[in-house]
1. Where in the range 83-128 are the strands (runs of 3 or more DSSP E), entirely inside, with at least 2 residues that are more than 16 Å from the chain's Cα centre (by Cα)?
2. Does the range 115-149 hold any residues that are buried (at least 21 other Cβ atoms within 10 Å of the Cβ) and among the hydroxyl-bearing types (Ser, Thr, Tyr), and which are they?
3. Name the residues in the range 295-309 that are in contact (Cβ under 8 Å) with a residue 40 or more places away in the chain and either within 9 Å of the ligand (Cβ to nearest atom) or among the polar types (S, T, N, Q) (or both), would you?
4. Scan the range 89-114 residue by residue and report those that are acidic (Asp, Glu) and open to solvent by less than 30 Å² (accessible area, probe 1.4 Å).
5. Hey, can you tell me all the residues within the range 221-269 that are closer than 20 Å to Glu315 by Cβ, more than 16 Å from the ligand (Cβ to nearest atom), open to solvent by 40 Å² or more (accessible area, probe 1.4 Å) and in contact (Cβ under 8 Å) with a residue 40 or more places away in the chain?
6. Only residues that are touching a residue at least 60 places away in the same chain (Cβ under 8 Å) and surrounded by 15 or more Cβ atoms within 10 Å (Cβ to Cβ): list them for the range 379-395, please.
7. Pairs only if they're at least six apart or on different chains, beta carbon under 8 angstrom, first in the range 52-68 and surrounded by fewer than 15 Cβ atoms within 10 Å (Cβ to Cβ), second aromatic (Phe, Trp, Tyr); list them, first residue then second.
8. In the range 327-370, what count of residues is obtained for those that are more than 26 Å from Thr404 (Cα to Cα) and outside any helix (DSSP H, G or I)?
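The values are calculated or read from the model by the stated rules, or taken from the named source; none is laboratory data. Owing to the predicted nature of the structure, the values given are computational and were not obtained by experimental measurement. Positions of Cβ are backbone-derived with ideal geometry, glycine not excepted, and every protein chain shown enters the neighbour counts. To get the accessible areas, we keep the full protein, side chains included, count just its heavy atoms, and leave off ligands, DNA and RNA. Shrake-Rupley method; radii C 1.70, N 1.55, O 1.52, S 1.80 Å.
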Amino acid sequence: MHKKFVLFILLGCAIAIWFAAEWLRENSHAQVQVQMSKTDKDEWFVAYGFDESVTRVTFVRNPDHSRLERWQAIDTDFYIGVDSETNEEYIARIDGLAFNSVAFQLEPTYVTLRKDYAPFSPFSDGGMSWFTGRFKVCPQSCASALRFSYDFSMEAPLSDFVRLPEQSERGQLEWQESASDGHVVYVGPQAPGPTAEHGFETIIDPILPTSLKQRLLRDVPPLTAFFNQRMPHLEERPMLLASFSPTDDGRYGYQGGVIGNQMVLHWYGHSMAERITAPYFIEDTLWFVAHEFAHLYQSGQFNNESAWIHEGAAEFMALEYLRSIHANSIYLAHRVRKAQEQCANSNDKFELHYACGLLWAAAIDEQIKREYPHGLFFLWYMYVREMAEQSFPEPVDLYFELMTQLTSESFVQEMRETIAQRFNQLPDETASPL
Ligand SMILES: [Zn+2]
């Protein structure tokens, strides 16, 4: 009788714990609806919906404060502000009351955001790609312990395809995302084609000069082969988006990015015809594409504080690829010299990650090659594999640990000191990026 009673109590406790866990699970999770729409007049809107009312919503990504100018609240009772402590942009009502929904009209033009992906990349045929991460918000604050998930939807005129990797619908698409970086969504006239031989799903702006388009498509197979020989293979079919938008204020350049298995290449300037006549345009393009390819194979192993690890490695891998196809040696020497100059003289931390990063990657490569012919690629092969198997709280430590296995403790120690010293020379630097 006594035993039965104990069992009964234990059972009661188990049920209570189960209910408490379920309650916590329900209440530690917040769902946000993000509805993006494009009208047939090419106006863009975003509307948010929240299950519980909020007095403020905070943006997940805050590279600058450009939403203040580029987002117009549909209902003038709302505004976008900047938190004086965290420097993050947020949405609130002027009267401070709670709300369940809010909507904005957007400015769908290309802007470069420092250290972040462009929100919109227009295509010259009326298409557009946009980055979902730009639109993620947290009810109240992103610092809360809640887990956030996002129900995205995109509405567009029926003439448009809405495309994500392996997903495509005419005029409308719905998908879910976690709090991770995000996706690039294509909205425009380009229908998904048959799978290309090289395995990439490609969305290429028709205005890009034929020579560049052909070059891009021609370079994908050898680039894929080059990286497949040296790095763990990609798990999913990648998507390549290449676009161009004209500018009338003299700005020109290109920017790329890799988000998950999507590679985005965007050129901007007065006209593409003008851009393509610039000296070393082909070499610059190849370097740029090879750099982004490296990121694709690095499979998201990025840490912004120690960006020299992946940016420097991507620069070095681009250099190695161009060497392997015997690209113009004067151009390659010039790129290395420019990195040396910038690494020696620049006070811009961002620039150091690329310039010094390339030189440090080359030094690490040389050391590893004493025993392993694939050099830095082999270190990255191990790094990507280990990171895919389990998550490490300090990926930088893992990187150095693997480097020690392939070189020596004294070499790694020396590298660590060189790197710390260079960043500590920066005028406003307080913390070493190691
Ligand atoms: Zn990069």
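1. Working: elements: 89-93, 99-106, 120-122.
Fully inside the range 83-128 and qualifying: 89-93, 99-106.
2. Within the range 115-149, Tyr117, Ser121, Ser129, Thr132 meet the criteria.
3. Of everything in the range 295-309, those that are in contact (Cβ under 8 Å) with a residue 40 or more places away in the chain and either within 9 Å of the ligand (Cβ to nearest atom) or among the polar types (S, T, N, Q) (or both) turn out to be Gln298, Ser299, Gln301, Asn303, Asn304, Ser306, Ala307.
4. The initial filter retains those residues of the range 89-114 that are acidic (Asp, Glu), namely 89, 95, 107.
Matches in the range 89-114: Glu89 only.
5. Answer for the range 221-269, where residues must be closer than 20 Å to Glu315 by Cβ, more than 16 Å from the ligand (Cβ to nearest atom), open to solvent by 40 Å² or more (accessible area, probe 1.4 Å) and in contact (Cβ under 8 Å) with a residue 40 or more places away in the chain: Pro222, Arg230.
6. The initial filter retains those residues of the range 379-395 that are touching a residue at least 60 places away in the same chain (Cβ under 8 Å), namely 380-381, 383-385, 387-388, 395.
Those that are touching a residue at least 60 places away in the same chain (Cβ under 8 Å) and surrounded by 15 or more Cβ atoms within 10 Å (Cβ to Cβ): Trp380, Tyr381, Tyr383, Val384, Met387, Pro395.
7. Going by the 8 Å Cβ cut-off, the qualifying pairs are Ser53/Phe99; Thr55/Phe99.
8. The qualifying residues number 5.
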